[in-house]
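**Q** Below you'll find the structure I mean.
We did not get these values from a lab; they are worked out from the coordinates using the rules stated. The structure presented is a predicted model; accordingly, all values stated were derived computationally and were not measured. Note that each Cβ is placed from the backbone with ideal geometry, even for glycine, and that neighbours are counted across all protein chains shown.
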Amino acid sequence: MKKYPYQKKIVTFGGGTGHFSLLRGLVELNQPELISAVVGTWDSGGSSGRLRTELGVLPPGDIRQCLLALMEDPKQRQVAQKLFDDRLGDVDGPLKGHSLGNLIAARLEHIYKGADRSVEAERLLFRIRAKVLPVSISELNLMARLEGGQEVEGETNIDLRGSKDDYDKKKITRIYFETNADPNPNVIQAVSEAELIVFSAGDLYTSVLPHLLVAGVKEAIEQSKAKVVLILSLMTKVGETDNFKASDYLKNFMYYLGTKNTIDIIIANSNGLDNEILKVYKKDKQQPVKVDETDCRKIAPNIKIIEKPLAVYHMREHLFRHDPAILAKTILELN
């Protein structure tokens, strides 16, 4: 039996590749049974969106990615990733284009009559010791209000609006759900018992902040004795965080948490990119997120800011990503 150097009760909130990298590192260093990954349930695009509309199940895409990240055996993870990501492109009919991993999740939800029970069943099926918890078991539709009052409906439309030809650079002023978002009681319980609560890097308005719109989540965080950690994204995102600095992220978290000094620690990357790579990102209208420490301290005077070389540039894929092991070690070493 593998011995783990860390034994901390950790709850993570997030989505996408930022959450994946975080969990991938944590499960290698921290006792897996003590990790609870909280997952959003408002995805409206791709296979997840279709299954949500056609079958009335919770969107399984982010859940699938968390399950993959938390598989401890690399050979198991490699096979599972190929299976989960198989898009059934060679079939005709209603299954065409669906991810097989999403179909497994949808069928388990049908069998077990509930998203929370089906995720637990999938965790047991793949022998995943860490917990994966949908933040809500309600059907949720994310909305964004822009400067001037215009509204954008659906997670995918908010997520992709920066890539459209008619993108007008209006900032997002507010996000909300169309209906009440009831919490998963297991999430509230995990937060109340946590030693560390970590918000992963990721799309601010579509992957990370919406967790705080679910009833009872921000209250549970406020009442928790855990340290609350924000992992700063590596790059800005067109349509969501254009020209954002660390203080802009912090302002948004303070707004949705509804209290001062709830974020205890910001973890930021100090790795630079060479000029040629920066030019490529600039063409995509992205730039590294800068840490404006003075402005951050005006918002939260007691905040601790940790800057370390946390990221790796993968030249072949043109991807700038957090190194899972270094990121996890930085978090787990926090006092």
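**Q** Using only alpha carbon pairs under 8 Å that are at least six residues apart, calculate the relative contact order of segment 135-335 and give it in whole percent.
**A** The normalised contact order for segment 135-335 reaches 18 percent.
**Q** Next up: If exposed means no more than 14 neighbouring beta carbons inside 10 Å and the site is in a DSSP loop, what's the longest run of the chain without any exposed GluC sites (Glu not before Pro)?
**A** It works out to 179-316.
**Q** Which of ASN184, ASN275, ASN302 ends up with the largest GNM mean-square fluctuation for the chain, with Cα atoms connected below 10 Å?
**A** Looking only at ASN184, ASN275, ASN302, the largest GNM fluctuation is found for ASN275.
**Q** Something else now. Which log10 I(q)/I(0) values does segment 135-335 give at q = 0.08, 0.11, 0.13 Å⁻¹ under the Debye formula, counting every alpha carbon as one identical point scatterer?
**A** These q points yield log10 I(q)/I(0) values of -0.28, -0.55, -0.77.
**Q** How high is the relative contact order of the chain? Use alpha-carbon pairs under 8 Å, at least six apart in sequence, and give a whole percent.
**A** Averaging sequence separation for qualifying contacts and normalising by length gives 19 percent for the chain.
**Q** Please report the equivalent ellipsoid semi-axes of the chain, computed as sqrt(5 x eigenvalue) of the Cα gyration tensor, largest first, in whole Å.
**A** 28, 24, 22
**Q** Something else about it: What ranking do HIS314, HIS98, HIS110 get, fewest neighbouring Cβ atoms within 10 angstrom at the top?
**A** By the 10 Å Cβ count, ascending: HIS314, HIS110, HIS98.
**Q** Still on this structure, I have one more. Using a Förster distance of 35 Å, how high is the FRET efficiency between MET254 and LEU83, based on the Cβ-Cβ distance and rounded to 0.05?
**A** With a Förster radius of 35 Å, E is 0.25.
**Q** Same structure again: How are the Cα pair distances of segment 190-296 distributed, in percent, across 10 Å bins from 0?
**A** In whole percents, the pair-distance histogram is 14, 45, 29, 10, 2.
**Q** Pick from LEU273, LEU160, LEU125: which residue has the top mean-square fluctuation in a GNM of the chain where Cα pairs under 10 Å get a spring?
**A** So, out of LEU273, LEU160, LEU125, the one fluctuating most is LEU125.
**Q** If we count other beta carbons within 10 Å of each Cβ, what is the order of SER136, SER192, fewest first?
**A** SER192, SER136
**Q** Would you work out the Kirkwood radius for segment 60-180? I mean one over the mean of 1/r across all pairs of different Cα atoms, in Å. Working shown, then result.
**A** Numbers: mean 1/r = 0.0596 Å⁻¹.
For segment 60-180, inverting the mean 1/r across all distinct Cα pairs yields 16.8 Å.
**Q** In nm, to one decimal, how far is the TYR313 label point from the GLU72 one, both placed 7 Å along Cα→Cβ?
**A** For the pair TYR313/GLU72, the computed spacing is 3.7 nm.
**Q** Mind listing the long-range amide H neighbours of ALA311? Cut-off is under 5 Å, sequence gap 5 or more, other chains count too, H placed in the peptide plane at 1.01 Å from N.
**A** SER270, ASN271, ASP323
**Q** Provide the per-residue ³J(HN,Hα) series for segment 197-207, in order, calculated from phi with Karplus coefficients 6.51, -1.76, 1.60 and θ = phi - 60°, each as a whole number of Hz, with x at glycine and proline positions.
**A** Couplings: 10, 10, 8, 6, 5, x, 5, 4, 8, 10, 10 Hz.
**Q** Would you mind pulling out the separation of the Cα centroids of segment 115-169 and segment 217-249, in Å?
**A** Computed from Cα coordinates, the inter-centre distance equals 16 Å.
**Q** Here is a follow-up. Report, in debye and to the nearest 20, how large the dipole of the chain comes out about its Cα centre when Lys and Arg carry +1 and Asp and Glu carry -1 on their Cβ.
**A** Roughly 760 debye, rounded to the nearest 20.
**Q** Please give the length that would be gained between THR294 and ALA215 if that part of the chain were fully extended, namely 0.36 nm times their separation in residues minus their C-alpha to C-alpha distance (nm, one decimal).
**A** Length gained, THR294 through ALA215: 25.2 nm.
**Q** Could you check the spin-label model distance between THR179 and LYS283? Points 7 Å from the Cα along Cα→Cβ, value in nm.
**A** Each label point lies 7 Å from its Cα, and together they span 4.5 nm.
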